[in-house]
Amino acid sequence: MQLINKAISLLKIQRLYILTAVLCFILIFIKSFYSIDPDFGWHLQAGKYILNNGIPTYDVFAFTATNFKWINHEWLNDVLIYTLFSGGGYVLTAVFFTSIWIFGLLIAKRTNIKFALLLATVSVLPFAGIRPVAWTIFFIAILERIITTKKKGLHFFLPALILLWANLHGSFVLGLLILLLYQIFSTYKLRWYILLFSFLAVFVNPYGIYVFEEIIRTGADSQLRFKVTEWMPVLLPYVSVSYVAITVALVLAFKKRAWKAIFSIPSLTLLMTISSIRHLPVFVATSVRYLEYYQGVLINKLKAIKPTKEINRVVWTSLSVLWIFVIISAVVGVRGSIYQPEKYPTKAVAYLKENSCKGNIFNSYNYGGYLIWQLPDAKVYIDGRMPSWVNNNQNYFNDYLDFINKEEPRKEQIKKYNIRCVLVSNDEAYPKNNKSQPLGEWLIKNNWESIKPASSKSYSLFILKP
């Protein structure tokens with residue numbers, strides 16, 4: 001009877017944990033489904049191009065970069081996205097990537113603490129979606145599980161894991177670094193030949209050693225953190241700050257010789273997160289098990305305290321506030337995804353499908369991927385692949401900023417690239433507190449027409465008059 005009662009109790013705990021996992025899946029799916037990533041379009045079309053034509057040698061999407069040697073370190077991810085989208089549309093693609101996110105978090109964890117799973121999910125929600133970063137979370141979780149397992153036979157799967165990772169996303173470099181850190185500083189040692197073959201597996205890709213070129217280019221771009229929002233330092237969403245604060249506080253409060261945590265992988269990924277907010281999911285993947293463990297330590301210490309009405313009141317109030325905070329954050333995050341302002345220029349695209357541009361289109365940076373998807377026959381000026389691209393001293397992103405802000409470079413580029421349409425956000429067309437003449441006003445003054453039916457409160461389409 002006692003065993004039956006224990007089994008029923010365990011089943012209830014597992015059921016609650018499964019329900020929490022299902023809730024987390026729903027949250028990330030809603031975010032993925034309603035909030036299309038700016039890069040989704042070019043990933044989709046790149047996958048289609050690769051399947052039809054093979055790996056491109058030079059860029060095939062931007063008319064400004066036709067001579068640029070494009071190294072697509074996410075080529076296999078793109079093929080997968082196109083295959084999923086072709087077979088089941090956006091819904092199937094969103095389900096698949098949601099699964100990658102959730103399985104990554106579940107594998108990274110070690111126990112069945114519901115609060116840790118929900119807090120981790122909500123903290124990555126602003127970064128979730130159909131994005132290659134999901135592979136980073138997934139592979140880091142598997143990598144650390146394999147390294148720390150008692151079943152040494154699983155170590156033989158590491159080279160295959162790295163090979164797959166190296167063809168899906170450039171974050172495989174972080175995987176190699178984690179392998180080295182474990183090998184040097186931990187008691188979890190790999191056989192030398194497994195480590196060697198894991199590093200050699202990286203070169204089994206369409207680009208060979210040159211796969212590192214794009215990764216180094218991006219990493220060496222000191223200005224990138226001030227060009228693109230998600231690359232900016234420090235400015236995390238509030239719920240992500242809460243995750244970081246709670247995790248760090250628990251470690252400092254309960255870890256013996258807490259200063260040693262400075263020399264850990266979560267400390268490395270925390271520094272990466274402070275340097276660039278887009279790395280927050282990586283920190284979550286490497287730290288969620290510590291959040292779980294020290295949350296468990298805290299619970300045990302609270303249980304050991306002689307209960308009084310005052311202590312119970314403090315404990316239950318604190319837990320209630322935390323749960324309410326996380327749930328409200330989840331609701332706000334999901335609601336923001338569903339009811340977000342118009343993110344992409346749908347009216348402008350519909351207009352351009354019926355009235356094709358008589359030349360090339362200058363577009364906002366965040367619209368590039370969407371245009372590649374929706375207007376596949378027209379090349380773009382810039383898209384999300386290009387913030388660090390430099391070719392023969394030509395910096396594509398700086399040229400983009402010059403077009404937005406400076407009159408003479410704008411004139412030169414309109415002539416050089418035969419630009420006849422301009423599709424930009426209204427923040428770029430009519431910026432506030434701009435001392436020079438705004439782009440939108442300059443275009444109207446210089447024989448360009450603002451197409452009102454193809455514009456909205458968020459963006460404007462301008463076409464050069466005949």
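What to note about this one:
- Filter result (within 17 Å of Phe283 (Cβ to Cβ) and hydrophobic (A, V, I, L, M, F, W, C)) within the range 107-117: Ile107, Ala108, Ala116, Leu117
- Scanning the range 221-276 for residues that are of a type in the set (A, V, I, L, M), outside any loop (DSSP other than H, G, I, E, B) and within 15 Å of the chain's Cα centre (by Cα) yields a total of 1.
- Going through (1) closer than 19 Å to Thr286 by Cα; (2) of a type in the set (A, V, I, L, M, F, W, C); (3) surrounded by fewer than 19 Cβ atoms within 10 Å (Cβ to Cβ) one by one, Ala128 falls short only on (3).
- Restricting attention to the range 185-200, the residues being basic (Lys, Arg) and over 14 Å from Thr148 (Cβ atoms) number 1.
- Qualifying residue in the range 95-118 (condition: without any contact (Cβ under 8 Å) to a residue 12 or more places away in the chain and assigned by TED's automatic domain parsing to the domain that holds His73): no
- Residues in the range 307-334 that are of a type in the set (D, E, K, R) and modelled with pLDDT under 75: Lys309, Glu310.
- Summed over the range 108-159, residues that are within 19 Å of Val244 (Cβ to Cβ) and not in a helix (DSSP H, G or I) total 3.
- Note on the range 33-86: residues that are more than 13 Å from Gly369 (Cα to Cα), in contact with a strand residue (DSSP E or B) (Cβ under 9 Å, 6 or more places away or on another chain) and not hydroxyl-bearing (Ser, Thr, Tyr) amount to 7.
- Filter pass, Asn446 being free of Cβ contacts under 8 Å to residues at least 24 places away in the same chain and either touching a Phe, Trp or Tyr at 6+ places or on another chain (Cβ under 8 Å) or farther than 25 Å from Arg217 by Cα (or both): yes
- Qualifying residue in the range 303-320 (condition: assigned by TED's automatic domain parsing to the domain that holds Gln223, within 34 Å of the chain's Cα centre (by Cα), farther than 21 Å from Lys109 by Cα and part of a helix (DSSP H, G or I)): yes
- The set of residues in the range 331-387 that are in a helix (DSSP H, G or I), without any contact (Cβ under 8 Å) to a residue 60 or more places away in the chain and within 28 Å of Glu74 (Cα to Cα) comprises Thr346, Val349.
- Residue among Pro453, Pro387, Pro431, Pro409 that is closer than 30 Å to Ala220 by Cβ, more than 32 Å from the chain's Cα centre (by Cα) and outside the structural domain of Val60 (by TED's automatic domain parsing): Pro409
- Residues of the range 273-311 satisfying the condition of being in contact (Cβ under 8 Å) with a residue 60 or more places away in the chain and farther than 17 Å from Thr136 by Cα: Leu291, Glu292, Tyr293, Gln295, Gly296
- Among the residues here, Lys255 does not qualify as farther than 21 Å from Lys109 by Cβ and either loosely packed, with under 11 Cβ neighbours inside 10 Å or of a type outside the set (Gly, Ala, Ser) (or both).
Yes/no matrix, rows are residues, columns are (1) over 23 Å from Ser455 (Cβ atoms); (2) of a type in the set (Val, Ile, Thr); (3) at pLDDT below 95; (4) touching a Cys at 6+ places or on another chain (Cβ under 9 Å):
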residue	(1), (2), (3), (4)
Tyr396	yes, no, no, no
Lys406	yes, no, yes, no
Glu412	yes, no, no, no
Val424	no, yes, no, no
Asp427	no, no, yes, no
Tyr430	no, no, yes, no
Asn433	no, no, yes, no
Gln437	no, no, yes, no
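- Assessment of the range 413-428 against the conditions (touching a Gly at 6+ places or on another chain (Cβ under 8 Å), surrounded by 13 or more Cβ atoms within 10 Å (Cβ to Cβ) and either in a helix (DSSP H, G or I) or free of Cβ contacts under 8 Å to residues at least 12 places away in the same chain (or both)) yields at least one matching residue.
- One residue from Ile216, Ile262 being closer than 20 Å to Ala166 by Cβ and surrounded by fewer than 17 Cβ atoms within 10 Å (Cβ to Cβ): Ile216
- Per the conditions (1) modelled with pLDDT under 95; (2) farther than 24 Å from Ser32 by Cα; (3) among the polar types (S, T, N, Q), the sole criterion not satisfied by Asn360 is (1).
The values are calculated or read from the model by the stated rules, or taken from the named source; none is laboratory data. All values reported here derive from a predicted model rather than from experimental measurement. Using ideal geometry, Cβ is built from the backbone for each residue, glycine included, and neighbour counts are taken over all protein chains shown.
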